[in-house]
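Take a look at the structure set out below.
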Amino acid sequence: MAESLPRIILIDANDSFVHNIKDRFLRLGHQLEILPYADYDPNRPLDADALILSPGPGHTSEYPKWFQLLQQIEPHIPVLGICLGFQLLATHYGAKLNPMEQVVHGQQQKCTQLSWHPLWENIPQTFTIGRYHSWEIDPNSLPETLLPLAQAEDACLMAIAHKTLPHLGVQFHPESFMCPNGTQLFKNFLALIPWE
Amino acid sequence: MGVKAFVDQLNQWGNCQKPFFFLIDFEKEKPMALPLDQTAAHDIYLQMGDFQNYSPKSPAAPSRITQKKVIPYEHYKGAFNQVQFHLKKGDTYLLNLTFPSQIDLEGNLLDVFHSAQSSHKLYFKGEFVCFSPERFIQIENNQIATFPMKGTADADTPAAAQKILENTKELWEHSTTVDLLRNDLSIHANHIEVEQFRYLDTIHTPDKKLLQVSSKITGQLDSDWQNRLGDLLWKLLPAGSICGAPKTKTCEIIAAAENNKRGYYTGVYGIFDGKHVYSAVAIRYIEQQNDLFYYRSGGGITAQSNCSEEYEELIQKIYVPAI
């Protein structure tokens, strides 16, 4: 029998990239449970060791159940938000979203780390990412509780971490083929899950 | 054929290695499948790579399209602007927008079928003919491969190959499609790899040569994939290259902007030969309604798209390939 592994649940905002995330985790020997957003019931606690909030279409205001989830979860459970999930985490902690003047879909760009974090273990200071988004975090709205971790070539905020809780978000898509360091990033996230 | 009956039938035929033909419409409402040896008797003619179920005939003259009555630009622009609204709002990252154009043809659909030069083509019961340059999936020896095609250019313009490969709008659109198709293969397969990224094919038409840009993505299936071939195909659809990403929301926007069901156009068709699967995306498609012929075409719209260029691409894709 395989060793027991942490239970990681990905909540899927009906996106078409979640199986790419699943494939990256499988390469690391971890299964992801994919829970469609529509099936998530905020009245039933999630029994998870870590959570991933998926990319997806639209605006964070269209996903009220995710805000309920973030209010309810045990604070020590690691959470990784990707794209829409990143925006959701940031707005949950008080940041504001702005529509972008030039939306960015399917673009490979350089990303530069702004401060050290375990998420960047074995990832170069400047690395290649894939971007898909039409909203961005207003950098002036970032609350004191959140640390900016990386920015893109156009200075758009690309990653954040909560200063005291294991809550992280990336605006780019680590699962994209345009992000060769994506598997390492997921590995670094796995290392944050308290597990014996 | 109902959806469940279709999926169950394919699972069963896959399990007992019975060769069959399948055809699935874009809306996934009227899938059909037949044993491969019964296709010709049902007025279905097919070429799929090396497989043919008909005797080639040389028509007196290659079929030509003599007149095109394309959707008016203002009408197209209305739909294009609707799509742009959703791109800016983040509801979609890429959307394939298509419309039918009424055409005049020399000959009938069967003449077009015989004269079209394409490694994949299908004539279906006097309803439509399709000569697709785009392979959908291929399964050989537990490896699944897909070949999304995104990007078309007139090969006769100066430095056409270099221009299309260096065009960033084309690159971004293609990259989105590659991530989408990686995702779709990952539903069933492991070890997904992008083996070839943006390679070029040349297509000959009576009037011009076209360049098409494609990629090859592969993955490994469990060895019992034939037992669930119906489920496997069903979950891959609609084909990512002809809808966009993310699929569910993008298909809702397509339905509203096109306001007309696509039917078998942009669906998929293919064969299971008892061991392997070969299939194509049903594009480059002429349908007959009463005495009138319609050619359906379109292209991928992104936030960087220019309306008049996309309209030109819709027109440029109206051709019958021939040497």
*Residues of region B:277-321 satisfying the condition of being of a type in the set (Lys, Arg), on the phi < 0 side of the Ramachandran plot and either in a strand (DSSP E or B) or in contact with a Pro (Cβ under 7 Å, 6 or more places away or on another chain) (or both)*: B:ARG296
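Do we find a residue being within 14 Å of another protein chain (Cβ to nearest Cβ), open to solvent by less than 50 Å² (accessible area, probe 1.4 Å) and over 14 Å from the mean Cα position of the chain (by Cα) anywhere in region A:3-17?
yes
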*Within region B:83-101, can you find the residues that are in a helix (DSSP H, G or I), more than 9 Å from every other protein chain (Cβ to nearest Cβ) and buried (at least 20 other Cβ atoms within 10 Å of the Cβ)?*
B:VAL83
*Before we move on, is B:SER132 modelled with pLDDT under 90 and either within 30 Å of B:GLN38 (Cα to Cα) or in contact with a strand residue (DSSP E or B) (Cβ under 6 Å, 6 or more places away or on another chain) (or both)?*
yes
*Test set (1) open to solvent by less than 30 Å² (accessible area, probe 1.4 Å); (2) more than 13 Å from chain B (Cβ to nearest Cβ); (3) under 24 Å from B:PHE85 (Cβ atoms) - A:ARG131 fails condition number*: (2)
_Pairs with Cβ under 6 Å, 6+ apart, first in region B:231-257 and more than 10 Å from every other protein chain (Cβ to nearest Cβ), second open to solvent by 20 Å² or more (accessible area, probe 1.4 Å) and assigned to a helix (DSSP H, G or I)_ = B:ALA257/B:GLN82
*Got a number for residues in region B:119-153 being within 22 Å of B:ILE217 (Cα to Cα) and in a strand (DSSP E or B)?*
15
*Out of region B:192-204, which residues are surrounded by fewer than 17 Cβ atoms within 10 Å (Cβ to Cβ) and more than 14 Å from chain A (Cβ to nearest Cβ)?*
B:TYR199, B:LEU200, B:ASP201, B:THR202, B:HIS204
*Sort out which residues of region B:168-191 are open to solvent by 10 Å² or more (accessible area, probe 1.4 Å), among the polar types (S, T, N, Q) and within 12 Å of A:GLN107 (Cα to Cα), and write them in order of number.*
B:THR168
*Among residues belonging to region B:154-167 that are assigned to a helix (DSSP H, G or I) and over 26 Å from B:LEU95 (Cβ atoms), point out the one that is farthest from the chain's Cα centre (by Cα).*
B:GLN162
*Among the residues of region A:58-83, which ones are open to solvent by less than 10 Å² (accessible area, probe 1.4 Å) and in contact with a helix residue (DSSP H, G or I) (Cβ under 9 Å, 6 or more places away or on another chain)?*
A:GLY58, A:THR60, A:TRP66, A:PRO78, A:VAL79, A:LEU80, A:GLY81, A:ILE82
*Considering only residues of region A:32-45 that are within 12 Å of chain B (Cβ to nearest Cβ) and outside any strand (DSSP E or B), which is surrounded by the most Cβ atoms within 10 Å (Cβ to Cβ)?*
A:LEU32
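The values are calculated or read from the model by the stated rules, or taken from the named source; none is laboratory data. Note that this is a predicted model, so its numbers are computed, not measured. No Cβ is skipped: glycine too gets one built from the backbone with ideal geometry, and neighbour counts run over all protein chains shown. Keep in mind that these areas ignore ligands, DNA and RNA; they rest on the heavy atoms of the full protein, side chains included. Shrake-Rupley method; radii C 1.70, N 1.55, O 1.52, S 1.80 Å.
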